1. When you look at residue 5, is it open to solvent by 60 Å² or more (accessible area, probe 1.4 Å) and assigned to a strand (DSSP E or B), yes or no?
2. Of all strands (runs of 3 or more DSSP E) completely enclosed by region 28-113, which ones contain at least 1 residues that are of a type in the set (Phe, Trp, Tyr)?
3. Looking at region 20-48, I want the residues that are more than 17 Å from residue 68 (Cα to Cα) and have a partner that is of a type in the set (D, E, K, R) with Cβ atoms under 6 Å, at least 6 apart or on another chain. Which pairs are those?
4. Within region 56-69, which residues are in contact (Cβ under 8 Å) with a residue 12 or more places away in the chain and either crowded, with 16+ Cβ neighbours inside 10 Å or of a type outside the set (Gly, Ala, Ser) (or both)?
5. Could you tell me which numbered condition residue 98 fails, if it satisfies all but one of (1) in contact with a helix residue (DSSP H, G or I) (Cβ under 9 Å, 6 or more places away or on another chain); (2) open to solvent by 40 Å² or more (accessible area, probe 1.4 Å); (3) not hydrophobic (A, V, I, L, M, F, W, C)?
6. Give region 31-55 a look and list any residue that's over 12 Å from the mean Cα position of the chain (by Cα), at pLDDT 95 or above, surrounded by 14 or more Cβ atoms within 10 Å (Cβ to Cβ) and closer than 20 Å to residue 75 by Cβ, or say none.
7. May I ask you to list the residues in region 9-30 that are more than 17 Å from residue 104 (Cα to Cα) and open to solvent by less than 50 Å² (accessible area, probe 1.4 Å)?
8. Test of understanding: among 71, 63, 101, which residue is more than 22 Å from residue 23 (Cβ to Cβ) and polar (S, T, N, Q)?
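The values are calculated or read from the model by the stated rules, or taken from the named source; none is laboratory data. Note that this is a predicted model, so its numbers are computed, not measured. Cβ atoms come from the backbone with ideal geometry, glycine included; neighbour counts cover every protein chain shown. The area values use the complete protein model at the heavy-atom level, side chains included, leaving out ligands, DNA and RNA. Shrake-Rupley method; radii C 1.70, N 1.55, O 1.52, S 1.80 Å.
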Amino acid sequence: QVQVVESGGGLVQPGGSLRLSCAASGFTFRLFSMNWYRQAPGKEREFVAGITGTGGSTNYGDSVKGRFTISRDNAKNTVYLQMNSLKPEDTAVYYCKKTGSTYWGQGTQVTVSS
């Protein structure tokens, strides 16, 4: 069955960077788009970024365009989210998800604070 394990979160100062990883299993990874979402306390979960199976096309939520970059390594069944110029409003639990799946991993906490 589909499984994803997110990692790489932590506490970072405003303006800093973090790289999140998501290790996937249970399906043919290279055939599916993958996405990152986030959920801040008291807010709905929101789309952050998506990438096609080949990695040839990406898209981003308006709030992260120009600061975040999604990528993938199909040999490692892993998708990444490079986050630069972090802001306090980026504080959230970050989740990755296979397109079309209803499975959510445990997420990884990102806190941006001085």
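1. On the way: open to solvent by 60 Å² or more (accessible area, probe 1.4 Å): yes; assigned to a strand (DSSP E or B): yes.
Spelling it out, residue 5 is indeed open to solvent by 60 Å² or more (accessible area, probe 1.4 Å) and assigned to a strand (DSSP E or B).
2. On the way: elements: 34-39, 46-51, 58-60, 68-73, 78-83, 92-98, 108-112.
Correct list: 34-39, 46-51, 58-60, 68-73, 78-83, 92-98.
3. Filtered contacts from region 20-48: 32/98.
4. Listed by number, the residues that qualify are 58, 60, 64, 67, 68, 69.
5. For residue 98, the failing item is (2).
6. 32, 33, 52, 53
7. Across region 9-30, the qualifying residues are 10, 12, 16, 18.
8. 63
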